[in-house]
Amino acid sequence: MAKRVHSLSLEGKFSHEIGLSEEAVKNIDTKETMILYYKLYDLLKEFDGKQVSITIKEEDEIEAADAAG
């Protein structure tokens, strides 16, 4: 059966108290970093009353193992 998928993807620091997601974006031409803010709760209104699947992922850097040991 064919499907149509409506999705939302944000990457950055999330602040629950104010409902904002902060994303650092590097300008390809100038190499400057801009900070963009998204109102997560407003974006989620598009999905109100619909069947959804929600995944939240946090990424942390880990130390590499010492190859000699």
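Read-outs: derived from the displayed coordinates by stated rules, not from any lab. Just so it is clear, the structure is predicted and the values come from calculations on it, not from any experiment. For neighbour counting, all protein chains shown are included, and Cβ atoms are generated from backbone atoms with ideal geometry for every residue, glycine included.
So, by mean Cβ neighbours within 10 angstrom, what's the order for 7-13, 56-62 with the highest one leading? Working shown, then result.
Details: 7-13: 10.0, 56-62: 5.1.
The densest-packed peptide leads the list: 7-13, 56-62.
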When 1, 34 are arranged by how many other beta-carbons sit within 10 Å of their Cβ, fewest first, they go 1, 34
In cubic angstrom per residue, the convex hull of the chain built on its Cα atoms measures 237 Å³
In nanometres, the difference between 0.36 nm per residue of separation and the alpha-carbon distance of residue 22 and residue 9 is 3.4 nm
Excluding residues fewer than 8 positions from residue 45 in its own chain, the aspartates and glutamates with Cα under 19 Å of it are 11, 17, 22
Dividing the helical contributions, -39500 (n - 2.57) per DSSP H run of n ≥ 4, by the residues of the chain yields a 222 nm value, nearest 500 deg cm²/dmol, of -1500 deg cm²/dmol
Taking a crude spin-label model, label points 7 Å out from Cα along the C-beta direction, the residue 47 to residue 66 distance in nm is 4.4 nm
